[in-house]
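Some notes on the structure that comes next.
Rule-based calculations on the coordinates, nothing more; no lab input. Keep in mind it's a predicted model, so treat the numbers as computed, not measured. Methodologically, a virtual Cβ is constructed for each residue, glycine included, from the backbone with ideal geometry; neighbour enumeration extends over all protein chains shown.
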Amino acid sequence: MTLTDSSSESLSYYLNPRRLFRRLIQVIADLRLAIILLLAIAVFSISGTVIEQGETIPFYQENYPEDPALFGFLSWKVILILGLNHVYSTWWFLSLLVLFGSSLIACTFTRQFPALKAAQRWNFYQEPRQFQKLALSAELESESYSALITQLEQKGYKVYQENNSVYARKGIIGKIGPIVVHAAMIIILAGAIWGSLSGFLAQEMIPSGGTFGIRNIIERGLFASSPLSKNWLVRVNRFWIDYTPDGNVDQFYSDLSVIDKEGQELDHKIIHVNQPLRYDGVTFYQTDWGIAGVQVQINNSPIFQLPMAQLPTNGNGRIWGTWIPTKPDLSEGVSLLARDLQGTMLVYNQQGQLTGAVRESVPLQVNGVTLKVKQLIGSTGLQIKSDPGIPIVYTGFGLLMVGVMMSYVSHSQIWMLQKSDRLYIGGKTNRAQVGFERELLKIIEDIQPTQTTELAPLK
């Protein structure tokens, strides 16, 4: 065989598909890789909590400027390029979840299942010297053989016998617990991935009395159904704000009705912060408010409604304003400003001078006419979310709690061997070592109360 043939065979050996697959599984199942992936997922999840998600580009430009950049590098451009404005639906975050799930699956099949299979096999000790490797062992009189078996069965041990040897175990559920934990985590990851791929996030600002369908989509998963396909609409029956005695917003409420195409009510709820409306897999959260318009009357004219727009304040609170004509030809008018729905508004003339303050239904003389503000129309800001993965995630968390409790169950093993006139006994457990030692001592004392028994010291 030539050197070239040898090199070719060696290369063929290392490039064998089965060998490469086994090597890949070993790498993926590595505990260090799993820890690194878990830490990366935790870090990016925290970033998604700290950095506001799903906001507009001007919002990030205002709050995360390039100079000075937050921490010296975090600017609005970095946020948009890396997708930190929608972390949980980015391809790289979903890839981390898939890779971590693959690591859990590989670890489960290469370590957890073999460990469970090994724990289910019973093996017998045939020589006294075998008991020396156990953490706990003792030597008794051979007459205790049958009594010990009875005691072990009463303590919940499953006993196997072969000639003069006995193997007993209990707590096999403790070996199943880690597998259940891994399965639960995989289910949670699957739910999170499915929610990102099949859900959507929308925001709507709807005036009191308005009816809307979900249109303003901010994020939408690859397999998400269109919200426009829903055969129902939402009506804002009323929106109002409760204020504290010092004039600050205490809580804001939206009275919502889900209606069909014919206007029949399908569901109804008054929502506020942390009390959303849920219908047909879609959740409506109360997140914001605004002033949509104002109803006014000039002299004895019919009441008419004008829209109000939010004005820039450079971060100094929020103000809404509109222009009210005081002549039919629109040649003169006044500006009306409001900061909340409590009813006090400021009126400015065309020269920008303050003319006066006015409240709802209180007349004000301006430009030779009587101006009467009938009502401010509030608007509710709703965040609308559909996440079909939530039931899967909740199922995973429930299974995770069960698996953690199962994992706390000790897997205890006891061996016995009767040889000549002596009986050898020993055991080990994977946790609660002191409790297991006390249990084993109690079993021995119950069958030989007059004999002083000493267990071998813990190793």
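The three principal axes of the C-alpha atoms in region 113-167 carry coordinate ranges of 39, 27, 22 Å, sorted with the longest axis first. Under a model in which nothing but the beta-carbon of Lys, Arg (+1) and Asp, Glu (-1) is charged, the chain shows a dipole of about 1160 debye around its Cα centre.
The chymotrypsin sites (Phe, Trp or Tyr not before Pro) of region 207-269 that DSSP puts in a loop, and whose beta carbon has at most 12 other beta carbons within 10 Å, are Phe223. Remark: Tyr348, Tyr394 ranked as Tyr394, Tyr348, counting other beta-carbon atoms within 10 Å and listing the fewest first. Of the Cα atoms belonging to region 7-130, the radius of gyration and Dmax stand at 23.7, 79 Å. When Met205, Met405, Met185 are arranged by Cβ crowding within 10 Å, least crowded first, meaning fewest neighbours, the order is Met405, Met205, Met185. Note on Glu262 and Ala40: their simple-model spin labels are 5.5 nm apart, each label 7 Å out from Cα toward Cβ. Size descriptors for region 179-276 (Cα atoms only): Rg and Dmax, in that order, 18.2, 57 Å.
Amide H contacts of Arg238 (H built 1.01 Å from N, in plane; Pro and chain starts excluded): Gly209, Asp255 sit under 5 Å, all sequence-distant by 5 or more or on other chains. Spin-label pair Ser229-Ala147: with each label point 7 Å from Cα along the Cα-Cβ axis, the two points sit 7.5 nm from one another.
For region 32-140, applying the loop criterion from DSSP together with a ceiling of 12 other beta carbons within 10 Å to the trypsin sites (Lys or Arg not before Pro) yields Arg121.
Here the extension length gained between Glu52 and Leu70 equals 5.1 nm, from 0.36 nm per residue of separation less the Cα-Cα distance. Shown in residue order for region 51-62 are the 3J(HN,Hα) couplings computed by the Karplus curve 6.51 cos²θ - 1.76 cosθ + 1.60 at θ = phi - 60°: 8, 4, 9, x, 8, 7, 4, x, 4, 5, 5, 6 Hz (x for Gly and Pro). Dividing the helix sum by the residues of the chain, where each DSSP H run of 4 or more adds -39500 (n - 2.57), gives a mean residue ellipticity at 222 nm of -10500 deg cm²/dmol.
A simple spin-label model places the labels of Glu162 and Met205 7.8 nm from each other, with each point 7 Å out along Cα-to-Cβ. By the count of neighbouring beta-carbon atoms within 10 Å, fewest first, Val409, Val273, Val236 end up ordered Val273, Val409, Val236.
Run through region 351-418 and list the trypsin sites (Lys or Arg not before Pro) located in a DSSP loop whose Cβ has at most 16 other Cβ atoms within 10 Å.
Counting only loop positions with at most 16 other Cβ atoms within 10 Å, the trypsin sites (Lys or Arg not before Pro) in region 351-418 are Arg359.
Considering only Phe304, Ser331, Ser47, the residue lying farthest towards the positive end of the dipole of the chain is Ser47, judged by Cα position with unit charges set on Cβ.
Here region 301-447 is assigned +1 on the Cβ of each Lys and Arg and -1 on the Cβ of each Asp and Glu. Its dipole about the Cα centre then comes out at about 80 debye. Between Lys133 and Gln342, residue separation times 0.36 nm minus the direct Cα-Cα distance comes to 67.1 nm. The 3J(HN,Hα) values that the Karplus relation (6.51, -1.76, 1.60; θ = phi - 60°) gives for region 395-412 are, in residue order, 4, x, 5, x, 5, 4, 5, 5, x, 5, 5, 5, 5, 7, 6, 6, 9, 10 Hz. Gly and Pro appear as x.
In the chain, inverting the average of 1/r over every pair of distinct C-alpha atoms gives 29.6 Å as the Kirkwood radius.
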